[in-house]
Amino acid sequence: MSKSYAVGFPRIGEQRELKVALESYWAQNTAFEEVQKVASVLKKRHWEYQKNAGISHISTNDFSLYDSMLDMAVIVGAIPARFASLSGETRYFAMARGNKEAVAMEMTKWFNTNYHYIVPELSLQDVYVLDATKVINEYKEAKALGIQTKINLIGPLTFLGLSKRIDGGDTYELFGKILPVYEALLKEIASLDEEIVVQIDEPILVKDLEPKVLSLLKPCYDVLAKVSDTLKIVVQTYFEHSNEATKILVHTPVWAIGLDFVHGVKNLESLELVAKSDKKLIAGIVDGRNIWKNDMEKTLELLETVAHAVPKEKLIVSTSCSLLHTPFSLKYEENMDAEIKNWLSYAVEKLEELSLLGKLFFEEKETLNQKEVALFTANKAANESRKNSTRIHDSLVQERVKQISKYQREGDYKERIEIQKAHLAYDDLATTTIGSFPQTPELRKIRADYKKAAISQEAYEREIKAYIDECVAFQEEVGLEILVHGEPERNDMVEYFGEQLKGYGFSQNGWVQSYGSRCVKPPFIYGDISRPEAMTVEWTCYAQSKTKKIMKGMLTGPVTILNWSFVRDDKPRDEVAEQIAIALSDEVDDLQKAGIKMIQVDEAAFKEGYPLRKENIALYEKWAVDNFKLCVSTAHQETQIHTHMCYSQFNDIIHTIEAMDADVISIETARSGNTLLKIFKETGYKQEVGPGIYDIHSPRIPSVEEMVKQIELLLEVLPAKQLWINPDCGLKTRKWEEVKPSLINMVTAVKEVRKRLA
Ligand code: GLN
Ligand code: ZN
């Protein structure tokens, strides 16, 4: 049997069955037993997909009703005190989502993916008690169906590294308390069968680790790998190379090391070491982060390179990471263009690829059956077509990229801002918003109906105009100074642009889990990007025609468009970003030609795109900043460029933000207090800043006094002439009943502060 290993499989269901079941249960429409029933059906289906594809290593405990980190917290008994009185599923979902008495645990991004995990809360006083029920039951459940599985766990170093200490201090101080629970867990697992593979995920090992953390690696796996002779321990990493850790792991008694050769090619540097050890190498070669068909010929070459150092009998081929980050199955993509669909591969299709690659690599070609031969031939043809298709390769776009001569817009910031201030005549502490206004159910319906052609274009435009009219009238009435049109025509800040750009594709069912029951359906970039026509000019000009005040144009920036899409894998990301930037630079120019004087280019996902390894940061910053600048390079001196970034740790990237050279940046600081602003002061940040003065993520309506206080705090750090006053993000998720009074209070607060200053 060839050796093919799936690191993990998505769980939400190919038609998001788990989402439906969970949400119905949460809404108290069904009993928990319904959720369990659906979960069993899904687990069985997913195991069978893998088995039928010929995958030799299939996982249990990769399934979760909410999140695997949360599961792990429950397994080790890391239950925050506020949930201690609860039990079972009530406690589990309260931890994830909060309840009337207790706030939910924090959620944050899983490495550089768009998946979010629940952050365990630990403290020195905790007593950790093993609860292996879920792990054991799932293993038995698969076994009863005749499916032998490996068991997936999140490893102790990753678990600690991603947790937080509620009593202050370092989570790794709890290593000595957590490790025995893992030992006990492995003992229980060992009692289940004669031999079991246990995959212990340690993605934290692909980060730049402090020596102190790295020093725990050997003691950790010396212990865990010796719990039982019948356990084969795999330490699994993904998303980057883990060379520092591999050096150590080869000297522990683990059975195998799992390395990602798609997103961590540098792992190749560790091959010699692995070869010298007695470890198996699980070689990640099928991309678990993307939707493209594997280029099998290229992959086989890569595998030969690997096999050059590590003998074949020590190799197992695998996905680069869990397939959790890809959509399920192409079978529901009924509307997709056939040529494009033929280039894609979702999780189920990736299993076939993996299995076939295993056969091609480990066995003689002659042993392939007819179906496999056909699959291989089709794969070659699809990749050939991708190399040559005119839908992908647009010589005009490529020519244009070659011609780029300037990344820098006219003028130096210091001169520019003076010209703008004279030209645009806005006051200190100018008030504005981030772009969107509430997306009401009626509005969503109008867009959906229009998409389905259930209403005419005329009717659609009438409704959108009516919404813009209302937004403009409201903003004028409240006394906001720089207006926005409210974004009623936009469903999503990336999708809206993707739909209008050539080279962008959309799926019908390409859902990927984001957190809990929530899924996103990222668009995908398959070809050279160009802009057939202006994308935002009409609506922006319409809005401008309704007011004498300045109407701020609203675009999504190239880095964010890139980071929130599946990106073609036949071109480096920076080059794809460059094409998007050029298309957007034409939009900036068109807006300005049409009389729009301020343009905001949102880079909500700028920070998200940061590489996991320090060694790659400088390069990312360079092209991300360059492409932002390229995007606004067409702006004249008097056109004011704004940018907006969502909540993130800015402290370490303040100089990079400055280098983007936007005239004004609005950022989310409402939730982080003023610590961030101090950094602006300390670094002598020169551009104008709109630190969000209230948190739009909560339905709460902040009072005038509260906002006055907040503005005064800002004034302690930055002078009035450098400050803008705005909410901390777009208002689309809020209700009008919340937005109206909040903005009225915000404007009143500014008036009061101005009075005091005068
Ligand atoms: N302009 C966008 C909006 O207001 C920005 C959203 C975001 O930053 N996530 O909705
Ligand atoms: Zn935002």
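The values are calculated or read from the model by the stated rules, or taken from the named source; none is laboratory data. Keep in mind that what you see is a predicted model, and the values were worked out from it rather than measured. A quick note on method: Cβ atoms are made from the backbone with ideal geometry, for glycine too, and the neighbour counts reach across all protein chains shown. Each accessible area value is taken on the protein alone, full model and side chains, heavy atoms only, with ligands, DNA and RNA left out. Shrake-Rupley method; radii C 1.70, N 1.55, O 1.52, S 1.80 Å.
What the table shows:
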{"quantity": "Single residue of segment 332-355 satisfying the filter (among the charged types (D, E, K, R) and within 17 Å of R11 (Cα to Cα)) that is surrounded by the fewest Cβ atoms within 10 Å (Cβ to Cβ)", "calculated": "E349"}
{"quantity": "Looking only at segment 605-652, and only at residues there that are part of a strand (DSSP E or B) and within 16 Å of ligand 2 (Cβ to nearest atom), the one that is farthest from the chain's Cα centre (by Cα)", "calculated": "H642"}
{"quantity": "Qualifying residue in segment 710-728 (condition: out of contact with any strand residue (DSSP E or B) (no Cβ under 6 Å at 6 or more places or on another chain) and within 16 Å of ligand 1 (Cβ to nearest atom))", "calculated": "yes"}
{"quantity": "Test result for E463, over 27 Å from the mean Cα position of the chain (by Cα), surrounded by fewer than 18 Cβ atoms within 10 Å (Cβ to Cβ) and away from ligand 2 (no atom under 16 Å from the Cβ)", "calculated": "no"}
{"quantity": "In segment 562-585, residue least open to solvent (accessible area, probe 1.4 Å) [restricted to those that are basic (K, R) and not in a helix (DSSP H, G or I)]", "calculated": "R568"}
{"quantity": "Subset of segment 502-542 (residues that are in contact with a Ser or Thr (Cβ under 7 Å, 6 or more places away or on another chain) and part of a loop (DSSP other than H, G, I, E, B))", "calculated": "K521, P522, P523"}
{"quantity": "Subset of segment 635-652 (residues that are open to solvent by 10 Å² or more (accessible area, probe 1.4 Å), within 16 Å of ligand 1 (Cβ to nearest atom) and in contact (Cβ under 8 Å) with a residue 60 or more places away in the chain)", "calculated": "C646, Y647"}
{"quantity": "Matching residues, segment 545-561, being buried (at least 24 other Cβ atoms within 10 Å of the Cβ), in a helix (DSSP H, G or I) and more than 16 Å from ligand 2 (Cβ to nearest atom)", "calculated": "P558"}
{"quantity": "Test: residue in segment 653-660 that is acidic (D, E), away from ligand 2 (no atom under 16 Å from the Cβ) and surrounded by fewer than 20 Cβ atoms within 10 Å (Cβ to Cβ)", "calculated": "yes"}
{"quantity": "Number of positions in segment 246-267 that are surrounded by 17 or more Cβ atoms within 10 Å (Cβ to Cβ), aliphatic (A, V, I, L, M) and farther than 22 Å from S215 by Cβ", "calculated": "2"}
{"quantity": "Hey, A662 closer than 25 Å to M746 by Cα, outside any helix (DSSP H, G or I) and at pLDDT 95 or above or not", "calculated": "yes"}
{"quantity": "Pair list, Cβ < 8 Å and 6+ apart or interchain, from segment 45-56 residues that are outside any helix (DSSP H, G or I) and at pLDDT 95 or above to residues that are surrounded by 17 or more Cβ atoms within 10 Å (Cβ to Cβ) and of a type in the set (F, W, Y)", "calculated": "I55/Y5; S56/Y5"}
{"quantity": "Selection count, segment 1-44, where residues are under 24 Å from Q199 (Cα atoms), assigned to a loop (DSSP other than H, G, I, E, B) and either among the small types (G, A, S) or within 22 Å of the chain's Cα centre (by Cα) (or both)", "calculated": "9"}
{"quantity": "Candidate set from segment 427-460 (those that are within 27 Å of the chain's Cα centre (by Cα) and in a loop (DSSP other than H, G, I, E, B)); member that is farthest from ligand 1 (Cβ to nearest atom)", "calculated": "T440"}
{"quantity": "Boolean, I599 is within 29 Å of T113 (Cβ to Cβ) and crowded, with 18+ Cβ neighbours inside 10 Å", "calculated": "no"}
